[in-house]
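Visitor: Got a structure for you, written out below as structure tokens; questions coming shortly.
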Amino acid sequence: MISHSVSFLLGALLPTLLLFFLASDRVGQQLSSISSLANGSVHQLNDHANGSTHGSAAEKEEMLFPGLAELLPKVATDDGTVIITSVNEAWAAPGSLLDLFRGSFRDGEGIAHLLNHTLIVAADPGAMARCEAVHPHCYLLEVTAANVSSDNRFMSKSYLDLVWTKLSLQQRVLQLGYNYLFTDVDVVWFRDPFRHINLYADMAVSTDFFSGDPDDAVKNAPNTGFYYVKSTNRTVEMLRRWRAARTRRSRPGGPTNDQGVFNEIKAELVAGELQIRLVFLDTVFFDGFCRFHGVMDKVCTMHANCCIGLETKVHDLRNMVADWKNYSRLTPPEKMGSEVKWRYPAKCHESIKPLLGPLH
């Protein structure tokens, strides 16, 4: 009777235990105790995620990203989160995007300290030298594509090499047990974005178009220029599948950049075996030139998306920063009654007009 009762209880508890461990599977926690009772799928996910499971795999990752494991503890917040952006020599040049990006933290509302938790990934030695001259936390991840140091126009070969290389480093960050918030360097910050990011989600991603429902994986159009990922076994596997989908989805007329591929696989990541908890961010708080709102009282970040050309982005982002400074000088009562709005990103609008037409 006792053995039958125990068997019944184990059978009833096993699904609950599996759900619990998958919901709290911080990288580094071993799942072998329950994987031996299951059908092997949990153990399989852990093998992909945990670099310490196989010494040779961990050593290979360390060779690919030398010094990263030692650098991350110096950058991370108390809860183990790292802000990451990436630059090449053109984007890091004086007066270019990197200066605007860093300056926005200093001019924002109480976010200057977040620069201390920002890792700037340099794609070439020129970008690394410039980063080290202005920022405390820099990491060189050289991209071997031709012309990688120049103004990489959207969807050029060097641009594609840059955006896919960043995912390999981000996967390693997750494997080492750190959450990250990736931000393109053409995103300027004004308020603390973490206040509007659901940290219980596996991934929270900005949008070019927000449907109004943060959980809608069908209608929301993700923009992978700004997204948060929590370090779990499932998110490590998510990054691996995302990267693998680049070749799986490389068909004539299909997407070739990381954002297009992610948009195609987002539904299967949510509904498939990984059960990724994916949240889409409201453009009211995470604004951009694609879905330009023009109001200043709620916005945390402004992304120069739907914009082609380095000089074009710099011009319109400078206007945004200048407008923010004017807004910041107002007293609280003046802000409440103010009609101050962002200047319309006219140059960026013109740069994509032949492709997309009016922005709104």
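What follows is calculated from the coordinates using simple rules that are stated; it is not laboratory data. Not measured: the values here are computed from a predicted model. Here the Cβ positions follow ideal geometry from the backbone for every residue, glycine too, while neighbour counts run over all protein chains shown.
Visitor: If you count, for each residue, the other Cβ atoms within 10 Å and average over each peptide, how do 165-171, 77-83 line up from highest to lowest?
Guide: 165-171, 77-83
Visitor: Now a separate question. Once the Cβ-Cβ distance between SER328 and LYS219 is put in as r, and R0 is 25 Å, what FRET efficiency do you end up with, to the nearest 0.05?
Guide: The calculated FRET efficiency here is 0.10.
Visitor: What order, most packed first, do the peptides 293-304, 343-354 have when packing is the mean number of other Cβ atoms within 10 Å of each residue?
Guide: Ranking the peptides 293-304, 343-354 by packing returns 293-304, 343-354.
Visitor: Please give the peptides 202-214, 101-113 ranked by average Cβ packing (other Cβ atoms within 10 Å per residue), highest first, as a rough proxy for protection.
Guide: 202-214, 101-113
Visitor: Under the classification rounded if a/c is under 1.5, otherwise prolate if a/b is larger than b/c and oblate if not, where does the stretch 273-360 fall, given a ≥ b ≥ c as square roots of the Cα gyration tensor eigenvalues?
Guide: Oblate.
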